[in-house]
1. Quick one: which residue in E144, E166, E112 is out of contact with any Pro (no Cβ under 8 Å at 6 or more places or on another chain) and closer than 29 Å to P79 by Cα?
2. Applying the selection to region 1-43, what residues are of a type in the set (V, I, T), in contact with an Asp or Glu (Cβ under 7 Å, 6 or more places away or on another chain) and free of Cβ contacts under 8 Å to residues at least 60 places away in the same chain?
3. Among R98, R126, which is within 20 Å of A15 (Cβ to Cβ) and assigned by TED's automatic domain parsing to the domain that holds W184?
4. For region 117-201, list the helices (runs of 4 or more DSSP H) that sit wholly inside it and hold at least 1 residues that are in contact with a helix residue (DSSP H, G or I) (Cβ under 9 Å, 6 or more places away or on another chain) and β-branched (V, I, T); which are they?
5. In region 1-101, which strands (runs of 3 or more DSSP E) lie fully inside it and hold 3 or more residues that are over 18 Å from L159 (Cα atoms) and among the aliphatic types (A, V, I, L, M)?
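The values are calculated or read from the model by the stated rules, or taken from the named source; none is laboratory data. Computed from a predicted structure; not experimentally measured. Positions of Cβ are generated from backbone atoms using ideal geometry, with glycine treated the same way; all protein chains shown enter the neighbour counts.
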Amino acid sequence: MKLYITDGSPYARIARIVIVEKGLEDRVEIVAAQTRRIDSPYYAINASGRVPYLVRDDGVGMEESALICAYLDQLDARPMFDLPPGEQRWEALRLEARARSMMDGLAVWMRELRRPVHERSPTLIRHEADRSARMANLWEHEIEHPWMRGPLNMAQITLACALGLEGRCGDFRWRDARPRLSAWFETFAARPSFVRTAPASHP
């Protein structure tokens, strides 16, 4: 199989962490995709041009990190990331969605900062900066939830990949006055899968 990524994509990093945690590195080749370029050869592989994108052994392509991770998790018939039953399932999904919401806002913010200065929208940048601060405040409390403190799960991976964007956006100072979130992240960031998937380049 082939997983198409860009080095700095937090969505691709989620899938890469799952690959490492599941021991699938011998089965999934990581391929750097050229995105946001006119006539990129990657567009012939994935028409949307987005990452991550998994091309399965049967040649079928799959987009969206959540779908890709769910597929990879069941390959060995020993899933690590199955959701708990009953009401706990909805709590797990709620927390994962909240982590993804934070990541989505940060992705918009960083995308705007990559534009030429004269093309940037100060209103959008301010909006996303404020959103990220509110979300970080929320996570300072939510991080005590048992699901965030238990065995590795997709909510934890998604949140860690979102917080890890601090190195790519200097104004994303989420650690300020958030000691519980900072301590949680430092523990997660020591995981070999997180270290090995760290971006090698910065915009």
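1. Residue meeting the stated conditions: E144.
2. Passing the criteria: only I19.
3. None of the other options fit; the residue is R98.
4. 122-142, 154-163, 192-196
5. Values: elements: 2-5, 29-32, 53-55, 61-63.
Filter on region 1-101 gives 29-32.
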